[in-house]
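Notes for the one structure printed next.
No value in this document is a laboratory result; all are computed from the given coordinates. The structure presented is a predicted model; accordingly, all values stated were derived computationally and were not measured. Here the Cβ is made from the backbone with ideal geometry for all residues, glycine too, and neighbour counts use every protein chain on show.
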Amino acid sequence: MSTEKRTFHLDGYPGCGTIIINYNIPSGRQTAKHPHPGKYLSSCDRKAYLPDNKDGREVLHLLKKAFDQKLIFTVGTSRTSGMEDVVTWNDIHHKTNAFGGPHNFGYPDPHYLGRVREELKAKGIE
């Protein structure tokens, strides 16, 4: 997990920049915790966006804790592609588009930061 900051703002967050989270999951073999131990698992790259303000930075800190505890991703069936035995999100929603609104997993979405805090809290991250 790495981050970068950009100067463009997300819809609904004028006056602040954007934090881009880069998740890079390497390929490997499923472990005993996964559906098919020993089976090959392809690498996965994901991006997510947060406003670069106090609330966004607090959520970033919580997401980092969740990532370090291996709570952000799991192995299973993709809800979007239907593919099995792939890296998928683990019920902690991320904004994977900077724009386009909630139906496109983007901004504006004025309740997103509160919702993701609740999802993190449900996983023991506060």
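At-a-glance table
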read-out: Scan of segment 43-65 for residues that are more than 18 Å from the chain's Cα centre (by Cα) and in contact (Cβ under 8 Å) with a residue 12 or more places away in the chain, ordered by number; value: none
read-out: Residue count, segment 1-23 (criterion: more than 17 Å from residue 55 (Cα to Cα) and in contact with a helix residue (DSSP H, G or I) (Cβ under 9 Å, 6 or more places away or on another chain)); value: 2
read-out: Subset of segment 30-56 (residues that are over 16 Å from residue 78 (Cα atoms) and aliphatic (A, V, I, L, M)); value: 32, 48, 50
read-out: Residue count for segment 2-44, restricted to those that are of a type in the set (Val, Ile, Thr) and exposed (fewer than 12 other Cβ atoms within 10 Å of the Cβ); value: 2
read-out: Subset of segment 58-101 that is closer than 23 Å to residue 10 by Cβ and among the small types (Gly, Ala, Ser) - its residue that is surrounded by the most Cβ atoms within 10 Å (Cβ to Cβ); value: 66
read-out: Complete set of residues in segment 67-95 that are touching a helix residue (DSSP H, G or I) at 6+ places or on another chain (Cβ under 9 Å) and of a type in the set (S, T, N, Q); value: 90
read-out: Residue in segment 37-47 that is closer than 15 Å to residue 96 by Cα, assigned to a strand (DSSP E or B) and among the hydroxyl-bearing types (Ser, Thr, Tyr) present; value: no
read-out: Members of segment 69-126 found to be in contact (Cβ under 8 Å) with a residue 12 or more places away in the chain, over 30 Å from residue 28 (Cα atoms) and part of a helix (DSSP H, G or I), listed by number; value: 112, 113, 115, 117
